[in-house]
Structure formats: C-alpha cells, structure tokens
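The values are calculated or read from the model by the stated rules, or taken from the named source; none is laboratory data. Note that the structure is a prediction, hence the values are computed from the model and not measured. Every residue, glycine as well, gets a Cβ built from its backbone with ideal geometry; the counts of neighbours run over all protein chains shown. With ligands, DNA and RNA removed, areas are computed over all heavy atoms of the protein, side chains included. Shrake-Rupley method; radii C 1.70, N 1.55, O 1.52, S 1.80 Å.
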Amino acid sequence: MNDVVNADSGPMTEVDAVVIGSGFAGLYSIHKLRNELGLDVQAFDDAADVGGTWFWNQYPGARSDTEVNAYCYSFDKDLFHEWKWSERYPRQHEIRAYLQHVADRYDLRRSIRFNTRVQSVTWDEPNSRWIVDADGEKYAAQFVVEAVGLLSATKVPHFAGQEKFKGEIYHTARWPHEDVDLAGKRVGVIGTGSSGTQVIGEIAPRVGEMTVFQRTPQWVVPAKHRPISPGLLERIEQDYEGYWHDVLYSVTAFGFEESDVAAESVSEEERIAAFEKQYEQGGGFQYMFAAFNDVATSRIANAAATEVIARKIRETVKDPVTANLLIPSDLYAKRPLCCDGYYEVYNQDNVQLVDVQHNPIVEFTENGIRTEDGHEYELDVIVLATGFDAVSGNQLKIQHTGRNGVSLHDAWKHRPRTHLGLMSHGFPNLYMIYGPMGPFTNQPPLHEAQVDWVAGTIQYVRDHDLGSIEAGAEAEEAWIAESDEQAAGTLFAVTNSWINGSNIPGKPIINMFFMGGSAAYMDKMQHEVDTDYQENFVLGSPVPA
Ligand code: N01
C-alpha cells in the first residue's frame, strides 16, 4: 500500500484492488486476491463488522433457508471440517459467527475498513485505474470488486404521518444489535415475505398483541428445522471435490437432489402425492425443485404445487376467513420461502390479520396505524419487513463514473446491463459479484466460482501486462438477450416480486437474472477462460510506464 500525492486528485493511497463488502463474497474476494494472488487489497464495509447480510439482518427469527451443507465456503476442506454447524438451517448469529471465524482464520480484518462507505468510483483513463472515494479518503486501484449484496439496499416505504408515530419503528434488515424488548407489547408487522414470515413466527408467542398488515400473501411451506442429518457432513468430506462439483453443476446449487421428472408427465394423483411428500420434508426450494422439474415453468405443475399448500392452510388455520386471506391468488413463482409454524400463528388469540390490499394503510398516527376504513390499530412497535431494492439497488447507491465520463445510472437507465452478471461495458476492471443477470441460484457456492473467475481475469491481465479488461458491447447485448429469453420461459417473469423489480415503484420491471441454471452458468464462465477472454472482452493496451 503506497501513500502518494497526486497533483490532480489530492492525497491518495495506491493499492492493487479495492473490495467493497465483507459478507460471504467480500471475505472470499479479499482472501483470494490478497492471500492467493498476492495483491495489495483494501476492503471497505459500511457495517461495523464482517457478515454482510448476516450483520444487518439481525431480526428475531432470522435464519438461512438453504441447508447448511450448501450454505458455507468450499474453498478450504479444513475449514469445512473444523466448523461445527448445529442445525439444518442455521440462525443468523451462527452464520455471523462463522463469517467472523473466517475473517480471523484467514487474517482478513486487517484489510478491511469498517464503518466506511464507498461513495464513488471514477475511472481514471490515462492510468487505467479506479479512483475510489471512501467517505472522503481517496484510493487508486487497478481493480474494483463489488461484493455489495443482492438483497442489501433496504426498501423503506414512506407512509403518511410516519414521523408522528410515538412508538418504535424497525426495518428487519436494519434491526438494532442491542436487545429489542417486545415482551407484552402491541406489535404491528408490515410485510409477509421471507423476513416477515420469519419474524412473525418467532415473536408471536412473546408479544402482547400482534397485528399483521398483509398486502400480498405468499405461499409458505414448512422448513422442518432439525439437527443436521447424522453423518451428512462426514459423508461429504469423503468425496469433497465430487460433492461441490455436483452442487455447482446442478440447476439451483442448493445441494439437494433436484427432480428430472415433469409434473406434467405424471397423473394428478402422483403429482399430489409427490408434493405432499415434499411438504412433509420441508424446505422452500426443495418444494419447488425437488418434487418435479417444471414447477417454475408449467402452469399445470404450478397449480398442483399450490393446491397442496392451499389445502394445508385450510387444515391449519381454524378461522376460515383468515385462512382464505392467507391463500395467495397468484402463481407460486416468487422466491420460494419456508417457515415452521407460520400459519399456526394465526390460531393464537393475540394475533390478527389485516388485509391491506383491500383496506390499505392510509397513515401512521401518534398511536399506531390507520387503514382506509378509518380503523386505528394501536401499536407500541412497528416492524417493517418490506424488503429490498434488490439486485441493482446497492450498486446504484455508489456513484460510478466509467469510460468517457458515463455514469452507471445513465448506462443502466432503461435496465441493468452486464455480461455474465459480472462486468458492465464501459466499466473496465470493475467486477460485480452476483450483479444483475447473474445466476438465479443459492449464492455462496456461486460467489466462490465467480470470485475464482474474477481472480483468473486479474491474473491474466497482469501476466500479459494489460491495463484493463472490459465486457464487450456485443457480448453484453447477447448475454442480456439470452438471459431474457430464458427468464421469459419461466413463471417468475409474470409474477410480481423483487426478482423482476416490480416491488419498487418506478424501477424498470425487467428480468434481472440468468435462469439457465448453475451448470450452464459455470460452462459460460469456463468458455471465457478457454477462449483467453478474446471473444467477449476488450483487453486494454499495456499499462503506461
Ligand atoms: O422482502 P419481500 P423480504 N405496504 O420483498 C410488503 C431474502 N431473504 O425481506 O408483495 C404494505 O419478499 C410486500 O407486499 P407486496 C429472500 O431472497 C432470505 O421478506 O409488495 N406492504 C411483501 O409482503 C427473500 O425473497 C431469508 O404486496 C408492503 C413484503 O413487504 C428476499 O430476501 C430471510 C409495502 C416484502 O417482501 C426478500 O425478502 C429474509 C407497503 N408499502 C430474506 N411495501 C432467508 O434466507 C412492501 N410490502 C430465510
């Protein structure tokens, strides 16, 4: 790391690479680039510690809904062996402790500046490098790796009168790190996605009264939390490389056996029986991808999947009016979620469900929330489980100025644009881990695969004494077209959710994923390596002396 004074830009620290974020992807980026490639790396995180999403999402009930054998790092077998997970779906504090352990084990903290937000990154064309402004301090780096999180920019709707409310308001993804005492309180929850269902299930037994303000119900299957199956992790270690290869060369990279049978190809009885069986085993992605392979693409399969869940809701929730309100009318094509005991909550005397789709919230008052029918719900605490400006949201919070002074905001005005979900034309040497049109899969294994690919390109640029590598304009166009075509063949494309941006007013409603599956995505990355990046990238001229 060199401190230099640049006549044009003032004092600046020179490094080889800047990493933004210290969650799963950021930590591995630092390790890979610094400890393996030997680069001088400076990382930043606006959080006070490592963890990324698992630092911020500290709300009661927060836990992974990916089975832990695929929700961890694979790059070091010793790490896999020594860390002892306790549950099939670990809680937030356990995942955060794991990431803290990783930071310590690989000595990563010394490269991270916490409580520091990267405000802008500006391409310095003559010197083929980025100028990074981190809360006013300037860094110059040839490479920037943004590991800023797919679901990190919180969506906080503004309700009229919000400032009048005398109680406490918490967003699930900005939950305080100190204890929030909810015992005996009147708590209102807005939002019934993954975060909302988890928080509702967890706090319902201990609050005084709970009012759930539901706009759109979602299909929920049980998680079936339990200890990890005895011997599972040991069996994985016996064929460690084979296991991780199979995870990556699957469709979803979730580490369970995906079905290759179409629900459309079997009888109605067989369909129902398979979904019943999957429901009993628990898990959202399993329910969508392990019983049959066409739930996300065939309306027939999709209807059979929801028929079983709807029946379970009716069997579980005693009040038929409430049960009907909890049954979605749309397709099962949002990010599938799972939560134990969610529907059972609505049998508790202290829980009421308010349908704010037909009777919208009109304002927050001093004492609570008023709905259109004039009713005022008195509350001590309001929990906003209202989600995220997903996929592109966090990238766009950083002011990017690329080649020829073009901003990322302008380049992405009509839609986010990338090649491989990793690089955007006009923004050389800038990598977005899990950026727009990245793979629609379980994330940690793909984070590693992407970071390995990024490290390969950096090594290539350095070995060949090049200034830069940049996604080609045509390659980007082709990637977008292919991603869109694949997404159009799925039901996600016609269902409102953060997956297509429709949860944010004014955001372009557009495909934001590569839905061709993890294996196909891995092949696409490998193709670039095999062709020496000559086909789809612009490789810059040698670094100026
Ligand atoms: O957010 P969401 P989330 N008035 O967007 C409602 C990951 N995750 O934080 O659908 C009233 O799904 C909104 O209603 P509607 C996971 O990938 C994972 O729950 O817009 N309601 C909806 O009900 C997940 O998919 C885990 O009508 C309003 C809710 O808020 C993703 O994060 C845990 C409203 C938002 O649901 C996002 O999940 C948690 C308004 N003005 C999160 N605005 C696990 O691994 C929004 N809503 C388990």
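Points to keep in mind about this one:
- Consider the range 360-381 and keep the residues that are open to solvent by 30 Å² or more (accessible area, probe 1.4 Å) and assigned to a loop (DSSP other than H, G, I, E, B). The one that is nearest to Q214 (Cα to Cα) is P360.
- When we screen N404, N394 for residues that are more than 16 Å from the ligand (Cβ to nearest atom), assigned by TED's automatic domain parsing to the domain that holds E146 and outside any strand (DSSP E or B), the only hit is N404.
Yes/no per residue for (1) touching a Phe, Trp or Tyr at 6+ places or on another chain (Cβ under 8 Å); (2) open to solvent by less than 20 Å² (accessible area, probe 1.4 Å):
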| site | (1), (2) |
| --- | --- |
| A273 | no, no |
| N293 | no, no |
| A304 | yes, yes |
| K312 | yes, no |
| V317 | yes, yes |
| Y332 | yes, yes |
| N350 | no, no |
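- Residue in the range 471-479 that is open to solvent by less than 30 Å² (accessible area, probe 1.4 Å), out of contact with any strand residue (DSSP E or B) (no Cβ under 6 Å at 6 or more places or on another chain) and modelled with pLDDT of 95 or more present: no
- Residues in the range 110-155 that are outside any strand (DSSP E or B), more than 16 Å from the ligand (Cβ to nearest atom), more than 14 Å from Y431 (Cβ to Cβ) and in contact with a helix residue (DSSP H, G or I) (Cβ under 9 Å, 6 or more places away or on another chain): S111, R117, E125.
- Of all residues in the range 413-459, those satisfying the criterion of being of a type in the set (K, R) and surrounded by fewer than 21 Cβ atoms within 10 Å (Cβ to Cβ) are K413, R415.
- Filtered by the rule that a residue be touching a strand residue (DSSP E or B) at 6+ places or on another chain (Cβ under 7 Å) and outside any loop (DSSP other than H, G, I, E, B), the range 215-239 gives V220, V221, P227.
- Matching entry among V212, V207, V189 (being assigned to a strand (DSSP E or B), among the β-branched types (V, I, T) and farther than 11 Å from Y59 by Cβ): V212
- Contact annotation: residue pairs with Cβ atoms under 6 Å, 6 or more positions apart or on different chains, pairing a residue in the range 141-153 that is in the same structural domain as G402 (by TED's automatic domain parsing) and open to solvent by 20 Å² or more (accessible area, probe 1.4 Å) with a partner that is of a type in the set (V, I, T) and within 15 Å of the ligand (Cβ to nearest atom), are G149/T53.
- Inter-residue pairs, beta-carbon under 6 Å, first over 27 Å from I499 (Cβ atoms) and in the range 335-353, second modelled with pLDDT of 95 or more and within 15 Å of the ligand (Cβ to nearest atom), 6+ apart: Q352/T211
- Checking N127 against (1) under 25 Å from G435 (Cα atoms); (2) assigned by TED's automatic domain parsing to the domain that holds S407, the condition it does not meet: (1)
- Hey, R462 in the same structural domain as S22 (by TED's automatic domain parsing), open to solvent by 10 Å² or more (accessible area, probe 1.4 Å) and touching a helix residue (DSSP H, G or I) at 6+ places or on another chain (Cβ under 9 Å) or not: no
- Count of residues meeting criterion [open to solvent by 10 Å² or more (accessible area, probe 1.4 Å), of a type outside the set (S, T, N, Q), farther than 16 Å from T316 by Cβ and within 11 Å of the ligand (Cβ to nearest atom)] in the range 185-224: 4
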